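Undergrad: Questions regarding the structure given below will be posed in turn.
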Amino acid sequence: MRKIIVMFGPPGIGKGTIGAILSKERKTPLISVGDLLRDGVKNQSDTGKKAENYMKKGELVPDSLVFELLTERISKDDTDNGFIIDGFPRNEQQAVMLENVFINEDTIFVLNLEGSDNVIIERLSNRRICEKCGAIYHLINIPPKKEGICDICGGNLIQRVDDTPQVIKKRLNVFKNDTKPVLDFYKKKGWLYSIFAEGKVPETLKQIYEIIY
Ligand code: AP5
């Protein structure tokens, strides 16, 4: 039986941070669509070139591009015992697509991380990521041991191009208009769990453990 965890929630609420911890603990791959796209942009793959402009503006990348990336990633052997998915689905078409990946024996948890816009804006403004391995830091709450350097791989910490006030505002609007309606779909299925995610990481994790274990 596979356990599939869908990290759902607005930009900057902590999906990637919590997803990475769960992935390490459960020895289950974390599939971050945002990271897959950013890798494509970095390597200037065909998909990356097509996605770059949408991402810079905080808009959703066209479904066809994202489907292709995701299908390829999910087909790898390491997902046989389940996986954690971050940043997907973002609209109803994507929710339908994900449905096709599930099998009857799967147990699905859609973890809806909730928090206010103020918390999100604060988190995104102080976020830094490793340009080499993608590890996520926060200048105040989760700082690296050495300023500007990744604890894990020694890479440089940078600010994401979409973490500017204008693009954050756009991403929040896209979430409210396109992504949030998907919650109804999951509520009807009985897979939806709400998590209060404004607290410290252990507080968020505690609520999740009560659901998934
Ligand atoms: P994506 O990379 O998925 O970005 P996002 O959804 O906007 O989410 P973020 O990565 O910004 O935030 P997060 O919730 O993971 O927060 P994090 O853990 O980093 O997508 C980027 C773009 O790619 C999209 O805009 C779109 O263009 C495209 N895209 C992606 N998926 C797509 C799809 N399916 N379809 C179409 N287009 C797609 O945490 C944020 C900060 O807070 C960090 O600094 C962290 O250290 C800190 N923090 C986290 N938790 C806590 C805590 N509990 N306490 C204190 N600080 C915390």
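Undergrad: Could you please find all residues in the range 128-158 being part of a loop (DSSP other than H, G, I, E, B) and farther than 23 Å from Lys200 by Cβ? So that I can check it myself, show each step before the final result.
TA: Our first condition is that a residue be part of a loop (DSSP other than H, G, I, E, B); within the range 128-158, this holds for 131-135, 139-141, 143-148, 150-155.
Glu131, Lys132, Cys133, Gly148, Cys153, Gly154, Gly155 - these are the residues of the range 128-158 that are part of a loop (DSSP other than H, G, I, E, B) and farther than 23 Å from Lys200 by Cβ.
Undergrad: I've got another one for you. Taking the condition of being of a type in the set (D, E, K, R) and touching a strand residue (DSSP E or B) at 6+ places or on another chain (Cβ under 8 Å), how many residues in the range 1-34 meet it? Spell out how you get there, then give the answer.
TA: The initial filter retains those residues of the range 1-34 that are of a type in the set (D, E, K, R), namely 2-3, 15, 24-27.
Add one more test, that the residue is touching a strand residue (DSSP E or B) at 6+ places or on another chain (Cβ under 8 Å), and what stays is 2-3, 15, 26.
Of the residues in the range 1-34, 4 are of a type in the set (D, E, K, R) and touching a strand residue (DSSP E or B) at 6+ places or on another chain (Cβ under 8 Å).
Undergrad: Further, regarding this structure: Could you please give the count of residues in the range 96-126 that are assigned to a helix (DSSP H, G or I) and farther than 23 Å from Asn81 by Cβ?
TA: 10
Undergrad: Name the residue that is nearest to the ligand (Cβ to nearest atom), counting only residues in the range 4-60 that are among the polar types (S, T, N, Q) and either more than 15 Å from the chain's Cα centre (by Cα) or not in a helix (DSSP H, G or I) (or both). Step through it out loud before you land on a result.
TA: First, the residues of the range 4-60 that are among the polar types (S, T, N, Q): 17, 23, 28, 32, 43-45, 47, 53.
Remaining after also requiring either more than 15 Å from the chain's Cα centre (by Cα) or not in a helix (DSSP H, G or I) (or both): 28, 32, 43-45, 47, 53.
Details: Thr28: 17, Ser32: 6, Asn43: 16, Gln44: 16, Ser45: 15, Thr47: 11, Asn53: 9 Å.
Out of the qualifying residues, it is Ser32.
Undergrad: Moving to a separate point now. Please indicate, with yes or no, whether at least one residue in the range 110-120 is within 10 Å of the ligand (Cβ to nearest atom) and closer than 21 Å to Asp184 by Cβ.
TA: Yes, the range 110-120 has at least one match.
Undergrad: Would you pick out the residues in the range 100-131 that are open to solvent by 50 Å² or more (accessible area, probe 1.4 Å) and either more than 18 Å from the chain's Cα centre (by Cα) or without any contact (Cβ under 8 Å) to a residue 24 or more places away in the chain (or both)?
TA: Asn100, Ile103, Asn104, Glu105, Asn118, Glu122
Undergrad: Can we say Leu37 is open to solvent by 10 Å² or more (accessible area, probe 1.4 Å), within 19 Å of Val61 (Cα to Cα) and of a type outside the set (Asp, Glu)?
TA: yes
Undergrad: Looking at the structure I just gave you, is Glu25 charged (D, E, K, R) and free of Cβ contacts under 8 Å to residues at least 40 places away in the same chain?
TA: Yes.
The values are calculated or read from the model by the stated rules, or taken from the named source; none is laboratory data. On a predicted model such as this, the values are computed, not experimentally measured, just so you know. In this analysis, Cβ positions are derived from the backbone assuming ideal geometry, glycine residues included, and neighbour counts consider all displayed protein chains. Ligands, DNA and RNA are excluded from the accessible area calculation, which covers all protein heavy atoms including side chains. Shrake-Rupley method; radii C 1.70, N 1.55, O 1.52, S 1.80 Å.
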